[in-house]
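Chemist: Mind having a look at this structure? Questions to follow.
The values are calculated or read from the model by the stated rules, or taken from the named source; none is laboratory data. These figures come from a predicted structure and were not determined experimentally. So basically every Cβ, Gly included, is an ideal-geometry build from the backbone, and we count neighbours across all protein chains shown. The protein model used for the area step is the full one, side chains on, heavy atoms only, and it has no ligands, DNA or RNA in it. Shrake-Rupley method; radii C 1.70, N 1.55, O 1.52, S 1.80 Å.
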Amino acid sequence: MMIVILFGYFLTGVCGDGVADVVLSCTLVEEGVGQGGMGGGAVFTRTPATLVLRDVAVAPDESLETLTPFVPPSIPDPDAILLEAKVSSPEIPNAHVLLHADCNEQEVMCEISRYSLRGSQESSEPAYFMVSLNVEEVEFSTALILRTLTVNKDQSTLIQKKLGLPLSQSGTLMTEVIFLVFSHIKSVTAPLRGDVLLNCGFKQQEIPLAQDVGVAWRLQHRGKGWKVLEMKTRLDDVEGSTVVHAERRGSSVDAAQVVGEGNASVTLTKLKVVDEGTYICTVSIDLFHAQQVIHLNVIQPPHVSLSEERLILKSESPQTLSCHCTKYYPLDAQIEWLSLSPTDTEPTVLPDQGSLSSHRQHGDGTYSLSSHLTVHSTVSPGTKITCRVSHPALDTPLSVSLVVESPEPGSYWWVLGFLIITGLFFYQVMR
């Protein structure tokens, strides 16, 4: 198995017809045979390589004046690994992102592996390669399958030494994109009990590789995996050709969009906590298949409340005020107590943050947490006490407050009078 991993890149362009070339500087990684390291792990060797994407579409308002044409090496080198692929048909969605990644200081991750068909030898022709492209901090992810083009061999034809494949006269390994699977999102966040669309699409050459297409969605989370949905259909839209097995209730893929637009996106309704994880979209056509990976985060903002609506001071008797943060997901919730006295203009964080309960998990997977604050009788009446909760599902912290009140007027004399009357009553009874 051979893998190419990007370690750096540069961009060049070709003026004309609104297209440009993207040149990626990569590293070829070969898995060693019989060279297992500690624990039997494979040892990899790395060799520089280059990938040229030809005819990347450029927007009409894009200037190509600052770009220079890609020029192959003047003297072909059979030791150099230089793959060249025309990507105008099928086009790579949003490939223009690659043109600006350098200026935006975004890292392009490129991984290439030798793709072997069942029953074929790795050295046979045509050869196939799998290319995975991701751009850091951008919703761009694409998996390409390349097929080598036929080279008319003669005595002067060079053979790439490491791959064992014939090179063109310019010293490049000529390929074409025959199939690609892409996604416009790498990660998505959706609310608990809400719905979400996980994007996945595919394209192939104008002359289809085959009419039968398979779409499979799978979920992986915490070392476990589940089937979500499987679909088989035909691109020629033969009636009754679509077969769907939805393992997860409330999951669906639109067969009409699969056939008409190459849209293999899945919809999940009434999300639960157990739906969170890494989703793998696999599209299969003929002997070829490629994947995209999307991470789904499920969130639920907390409900925050205080144990008391009013807090009336009692002489020499501390009171407990509780802040309840309930039914949230994920687990990361923080509770903070603040105080604003009548003489202050800004609230301050209380040095004594009270005590926290343990997290309580409910049947739906959400959590609850409580914080208990001791309010002493020395607190000034009119002081505003605030419970502030931070959570990933909240854009800003959520706060609830109350104002400490003075003892009600006359309450002392009312209690004293009650005690005197009660004492006189028992005195008369005992006589």
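Chemist: (1) open to solvent by 40 Å² or more (accessible area, probe 1.4 Å); (2) over 30 Å from residue 407 (Cβ atoms); (3) assigned to a strand (DSSP E or B): which one isn't true of residue 294, the others all being true?
Modeler: Exception for residue 294: condition (1).
Chemist: Something else: List, please: which pairs have Cβ atoms under 8 Å, are six or more places apart or on different chains, and start with a residue in region 361-384 that is more than 16 Å from residue 349 (Cα to Cα) and β-branched (Val, Ile, Thr) and end with one that is open to solvent by 10 Å² or more (accessible area, probe 1.4 Å) and assigned to a loop (DSSP other than H, G, I, E, B)?
Modeler: Partner pairs satisfying both residue conditions: 366/192.
Chemist: Return yes or no: is residue 192 at pLDDT below 95, over 24 Å from residue 282 (Cβ atoms) and of a type outside the set (S, T, N, Q)?
Modeler: No.
Chemist: Which residues, taken from region 360-371, are open to solvent by 60 Å² or more (accessible area, probe 1.4 Å) and either within 14 Å of residue 319 (Cα to Cα) or not basic (Lys, Arg) (or both)?
Modeler: Matches in region 360-371: 361, 362, 363.
The rows are residues; the columns are (1) part of a strand (DSSP E or B); (2) open to solvent by less than 60 Å² (accessible area, probe 1.4 Å); (3) at pLDDT below 95; (4) farther than 17 Å from residue 381 by Cα.
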{"site": "299", "(1), (2), (3), (4)": "yes, yes, no, yes"}
{"site": "305", "(1), (2), (3), (4)": "yes, yes, no, yes"}
{"site": "317", "(1), (2), (3), (4)": "no, yes, yes, no"}
{"site": "321", "(1), (2), (3), (4)": "yes, yes, no, no"}
{"site": "325", "(1), (2), (3), (4)": "yes, yes, no, yes"}
{"site": "338", "(1), (2), (3), (4)": "yes, yes, no, no"}
{"site": "345", "(1), (2), (3), (4)": "no, no, yes, no"}
{"site": "351", "(1), (2), (3), (4)": "no, no, yes, yes"}
{"site": "358", "(1), (2), (3), (4)": "no, no, yes, yes"}
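Chemist: Being surrounded by fewer than 18 Cβ atoms within 10 Å (Cβ to Cβ) and closer than 16 Å to residue 325 by Cβ is the filter here; which residues of region 372-385 pass it?
Modeler: Initially, region 372-385 is screened for residues surrounded by fewer than 18 Cβ atoms within 10 Å (Cβ to Cβ), giving 372, 374, 376-382, 384.
Hit for region 372-385 is 372, nothing else.
Chemist: Next question, about the same structure. Please tell me if residue 153 is assigned to a loop (DSSP other than H, G, I, E, B) and basic (Lys, Arg).
Modeler: yes
Chemist: Now for a separate question. Among the residues that make up region 354-367, is at least one of them at positive phi and under 30 Å from the mean Cα position of the chain (by Cα)?
Modeler: Yes, because at least one residue in region 354-367 is at positive phi and under 30 Å from the mean Cα position of the chain (by Cα).
Chemist: Just wondering, is there one or more residues in region 130-137 that are assigned to a loop (DSSP other than H, G, I, E, B), touching a residue at least 24 places away in the same chain (Cβ under 8 Å) and not aliphatic (A, V, I, L, M)?
Modeler: yes
Chemist: Next question. Picking from 69, 73, which residue would you name as being assigned by the TED database to the domain that holds residue 140, modelled with pLDDT under 85, touching a Gly at 6+ places or on another chain (Cβ under 6 Å) and surrounded by fewer than 14 Cβ atoms within 10 Å (Cβ to Cβ)?
Modeler: 73
Chemist: Checking residue 267 against (1) open to solvent by 10 Å² or more (accessible area, probe 1.4 Å); (2) not in a strand (DSSP E or B), which single condition isn't satisfied?
Modeler: All conditions pass for residue 267, except number (2).
Chemist: Do you know which of the residues in region 276-291 that are open to solvent by less than 10 Å² (accessible area, probe 1.4 Å) and not aromatic (Phe, Trp, Tyr) is nearest to residue 367 (Cα to Cα)?
Modeler: The extreme case among them is 277.
Chemist: Hand me the list of strands (runs of 3 or more DSSP E) wholly inside region 165-207 holding 2 or more residues that are β-branched (Val, Ile, Thr) and surrounded by fewer than 20 Cβ atoms within 10 Å (Cβ to Cβ).
Modeler: Answer list for region 165-207: 187-191.
Chemist: Can you pull out every residue in region 327-336 that is touching a residue at least 40 places away in the same chain (Cβ under 8 Å) and part of a loop (DSSP other than H, G, I, E, B)?
Modeler: Once the filter is applied, which keeps residues that are touching a residue at least 40 places away in the same chain (Cβ under 8 Å) and part of a loop (DSSP other than H, G, I, E, B), region 327-336 yields 330, 332, 333.
Chemist: Related question: Which members of region 128-148 meet the condition of being in contact with a helix residue (DSSP H, G or I) (Cβ under 9 Å, 6 or more places away or on another chain) and open to solvent by less than 20 Å² (accessible area, probe 1.4 Å)?
Modeler: Of everything in region 128-148, those that are in contact with a helix residue (DSSP H, G or I) (Cβ under 9 Å, 6 or more places away or on another chain) and open to solvent by less than 20 Å² (accessible area, probe 1.4 Å) turn out to be 133, 135, 140.
Chemist: Just to be sure I understand, how many residues within region 386-399 are in contact (Cβ under 8 Å) with a residue 40 or more places away in the chain, farther than 23 Å from residue 344 by Cα and either open to solvent by 60 Å² or more (accessible area, probe 1.4 Å) or touching a strand residue (DSSP E or B) at 6+ places or on another chain (Cβ under 8 Å) (or both)?
Modeler: 4
Chemist: Six or more apart or on different chains, Cβ atoms under 6 Å: show the pairs whose first residue is in region 43-54 and assigned by the TED database to the domain that holds residue 170 and whose second is basic (Lys, Arg) and at pLDDT 80 or above.
Modeler: Here the result reads 54/86, each pair linking region 43-54 to a residue that is basic (Lys, Arg) and at pLDDT 80 or above.
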